[in-house]
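The values are calculated or read from the model by the stated rules, or taken from the named source; none is laboratory data. Predicted, not measured: the structure shown is a model, and the values here were computed from it. Virtual Cβ from ideal backbone geometry, glycine too; neighbours counted across all protein chains shown.
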Amino acid sequence: MRSRFLRTVCTALTASVMALTFAGCGSSSGDAKQSSGGDGKVLRVGMECAYAPFNWTQIGEEVPDGSKAVPIYGTSEYAYGYDVMVAQKLADDLGMSLEIHKVEWDSIGLSLDAKEYDCIIAGMGRTKEREASYSFTEPYYYRDNCLVVKKGSDYESVKGLSDFKGKNVTVTTQLGTGWVPLLDQIPDATLGANYETTAEVFMAVSNGVADVALIDLPTAESALLTNTDLTIVVPDESDAFEGDKEMTNVCIATRKDDTELRDKLQKAMDDIGWSDKAKMDELMSKAVELQPAAN
């Protein structure tokens, strides 16, 4: 969660401009409603709302199992998915209401720095690079990575990365993520375009623009529900990516100096027993089942 991220080497002016731009386009029909952040009563969370099954956007609040999706701040849409369900559990434990902010991935850190929301719960992996700029909880999900290829292609039978040697495949993944530097480990591969959303990544493989996509397993399984022309390849551990373990630790991020909120969120995770991988996997399976077909 997909460990994607932002470039933190930006000027204060850039952050301010991005913050103003996001605030302006996040409002529908000139809505001047102000977020109620900073009062300790609202947990303001930033996420893409476009990264199923971790998070997605839907038109109404109804969820097939009877649950309710959460309104997306400043819009008439709703958010749901694994991240939203975890965020709601934590908000309930803390006695806070939940406020979801929808933001493009490439500006998600800038908007956090600009204090448009207070934490990121967005399928984001904790890496050493990110830890230099943000504070993180312990993982709220552990994920595996995989490759996605066209069904029936020569790559469907691949068992490990070494099997790509001499095949000259074109590879892709999501922009600004920890998967990008891992692509170089695929032998004799050509680096194709990377994309803003995972939906575009899968489309590139479907359309033959790329041969192989590197992504996380839950997102791939989610995509294959509708992209039936694709299939998943999980390389053998002895012939897989090196240095991808950071990508498995999906954590909550707060601003670097906001350790108080980080510790509150960690305590809430401890209170509800959210270090149990079985609980995490059960909830993720539920998220995959509940996601709308359009996502």
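What number goes with the only condition from (1) in contact (Cβ under 8 Å) with a residue 60 or more places away in the chain; (2) crowded, with 23+ Cβ neighbours inside 10 Å; (3) within 17 Å of the chain's Cα centre (by Cα) that V201 does not pass?
Tallying (1) in contact (Cβ under 8 Å) with a residue 60 or more places away in the chain; (2) crowded, with 23+ Cβ neighbours inside 10 Å; (3) within 17 Å of the chain's Cα centre (by Cα), V201 fails exactly one: (1).
Can you run down the residue pairs with Cβ atoms below 7 Å, 6 or more apart or on separate chains, where the first is in the range 247-267 and closer than 8 Å to S135 by Cβ and the partner is assigned to a loop (DSSP other than H, G, I, E, B) and of a type in the set (A, V, I, L, M)?
Once the first residue is closer than 8 Å to S135 by Cβ and sits in the range 247-267, its partners that are assigned to a loop (DSSP other than H, G, I, E, B) and of a type in the set (A, V, I, L, M) give A253/M124.
How many residues are more than 19 Å from E221 (Cα to Cα) and of a type in the set (A, V, I, L, M) if we restrict to the range 144-170?
2
D188 fails exactly one of the following numbered conditions: (1) over 30 Å from D83 (Cα atoms); (2) crowded, with 18+ Cβ neighbours inside 10 Å; (3) in contact with a Gly (Cβ under 8 Å, 6 or more places away or on another chain); (4) of a type outside the set (A, V, I, L, M, F, W, C). What is the number of that condition?
The failed condition is (2).
If a residue must be in contact (Cβ under 8 Å) with a residue 24 or more places away in the chain and in contact with a helix residue (DSSP H, G or I) (Cβ under 6 Å, 6 or more places away or on another chain), how many such residues does the range 186-198 contain?
Residues of the range 186-198 that are in contact (Cβ under 8 Å) with a residue 24 or more places away in the chain, as a first pass: 186-189, 196-198.
Pick out the ones that are also in contact with a helix residue (DSSP H, G or I) (Cβ under 6 Å, 6 or more places away or on another chain) and you get 186-187, 198.
Going through the range 186-198 one residue at a time, the tally reaches 3.
Tell me which residues, restricted to the range 51-74, are free of Cβ contacts under 8 Å to residues at least 60 places away in the same chain and either aliphatic (A, V, I, L, M) or touching a Lys or Arg at 6+ places or on another chain (Cβ under 7 Å) (or both).
Passing the criteria: I59, E61, A69, V70, I72, G74.
If you go through the range 268-293 one residue at a time, how many are in contact (Cβ under 8 Å) with a residue 12 or more places away in the chain and in a loop (DSSP other than H, G, I, E, B)?
Total meeting the criteria: 6.
Of the numbered conditions (1) within 18 Å of S153 (Cα to Cα); (2) surrounded by 15 or more Cβ atoms within 10 Å (Cβ to Cβ); (3) of a type in the set (S, T, Y); (4) free of Cβ contacts under 8 Å to residues at least 40 places away in the same chain, S206 satisfies every one except a single condition; which is it?
(4)
Given the structure, is E131 free of Cβ contacts under 8 Å to residues at least 60 places away in the same chain, in the same structural domain as G40 (by TED's automatic domain parsing) and either over 23 Å from the mean Cα position of the chain (by Cα) or surrounded by fewer than 23 Cβ atoms within 10 Å (Cβ to Cβ) (or both)?
Details: free of Cβ contacts under 8 Å to residues at least 60 places away in the same chain: yes; in the same structural domain as G40 (by TED's automatic domain parsing): yes; either over 23 Å from the mean Cα position of the chain (by Cα) or surrounded by fewer than 23 Cβ atoms within 10 Å (Cβ to Cβ) (or both): yes.
It is true that E131 is free of Cβ contacts under 8 Å to residues at least 60 places away in the same chain, in the same structural domain as G40 (by TED's automatic domain parsing) and either over 23 Å from the mean Cα position of the chain (by Cα) or surrounded by fewer than 23 Cβ atoms within 10 Å (Cβ to Cβ) (or both).
Does G125 satisfy the criteria of being surrounded by 24 or more Cβ atoms within 10 Å (Cβ to Cβ), closer than 14 Å to V250 by Cβ, touching a residue at least 12 places away in the same chain (Cβ under 8 Å) and of a type outside the set (S, T, N, Q)? Explain how you work it out, then say what you get.
Details: surrounded by 24 or more Cβ atoms within 10 Å (Cβ to Cβ): yes; closer than 14 Å to V250 by Cβ: yes; touching a residue at least 12 places away in the same chain (Cβ under 8 Å): yes; of a type outside the set (S, T, N, Q): yes.
Spelling it out, G125 is indeed surrounded by 24 or more Cβ atoms within 10 Å (Cβ to Cβ), closer than 14 Å to V250 by Cβ, touching a residue at least 12 places away in the same chain (Cβ under 8 Å) and of a type outside the set (S, T, N, Q).
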